[in-house]
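Input: a single structure, listed below in structure tokens.
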Amino acid sequence: METPQPSEPLSFTVNGHISKTCHEVYEAVADPDQLSSYFTTGGAKGRLEEGAEVTWDFHDYPGRFPVQVIQNIQDEKIVVKWAGEGVAADDGMNTVTFEFQPVDEGACTKVKITEAGWLSTPQGLTGAFGNCEGWTGMLAAMKIWLEHGINLREGFYK
């Protein structure tokens, strides 16, 4: 029996609060040096500026990934596209949206990460669940790095 396909591609959202300003949290994602300090274990090349194509490399996950920056609204939102397996788009790319919302009069930031574009197939579901785990890990690593200067990801996946 075939699994019915939804009319829209699947998406997921993860979120968390970081005790830093929207600008500080935004920069931790947009700035390749900062991103390399807690997330891209093999390094990030290029700032996340609208229209740019940058690369994210992970030593603890095989591969260097090209990332296309679709939208950038400083301190509020970054939208990127990157390749995945089991995605609905003809170009093989999913859309990832980072949103930064001030809370507690700006002393804290709610970070919301949404990835959209997965097919409701075994391959799409495997990709979606894996990336959901990855973005949740990124949020936790970013929080501990920004608030306490600790690289949580180092050795985590090995």
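The values are calculated or read from the model by the stated rules, or taken from the named source; none is laboratory data. These numbers come from a predicted model, not from an experiment. Glycine gets a Cβ as well: all are built from the backbone with ideal geometry, and neighbour counts include every protein chain shown.
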**Study point:** the stretch 110-125, subset β-branched (Val, Ile, Thr) and under 16 Å from the mean Cα position of the chain (by Cα), residue nearest to MET142 (Cα to Cα)
**Key:** VAL111
Review point. Considering only strands (runs of 3 or more DSSP E) fully contained in the stretch 6-57, which possess at least 3 residues that are on the phi < 0 side of the Ramachandran plot, modelled with pLDDT of 95 or more and of a type in the set (Val, Ile, Thr)?
Key: 10-18
Exercise for review: Could you run through the stretch 7-25 and say how many residues are farther than 23 Å from TYR61 by Cβ, among the hydroxyl-bearing types (Ser, Thr, Tyr) and out of contact with any Lys or Arg (no Cβ under 9 Å at 6 or more places or on another chain)?
Suggested key: 2
**Study point:** Residue list for the stretch 104-130, restricted to those being more than 27 Å from THR21 (Cβ to Cβ) and buried (at least 19 other Cβ atoms within 10 Å of the Cβ)
**Key:** GLY117, TRP118, LEU119, GLY124, GLY127, ALA128
Check your understanding: When the stretch 69-82 is examined, which residues are found to be within 17 Å of PHE100 (Cα to Cα) and in a strand (DSSP E or B)?
Key -> VAL69, ILE70, GLN71, ASN72, ILE73, LYS77, ILE78, VAL79, VAL80
Check your understanding: How many of the residues making up the stretch 35-65 are free of Cβ contacts under 8 Å to residues at least 40 places away in the same chain and either of a type in the set (S, T, N, Q) or within 20 Å of GLU154 (Cβ to Cβ) (or both)?
Key -> 16
Exercise for review: Please state which one of PRO66, PRO62 is assigned to a strand (DSSP E or B) and either surrounded by 14 or more Cβ atoms within 10 Å (Cβ to Cβ) or not aliphatic (A, V, I, L, M) (or both).
Suggested key: PRO66
Check your understanding: What number of residues in the stretch 69-92 are among the aliphatic types (A, V, I, L, M) and at pLDDT below 95?
Key -> 4
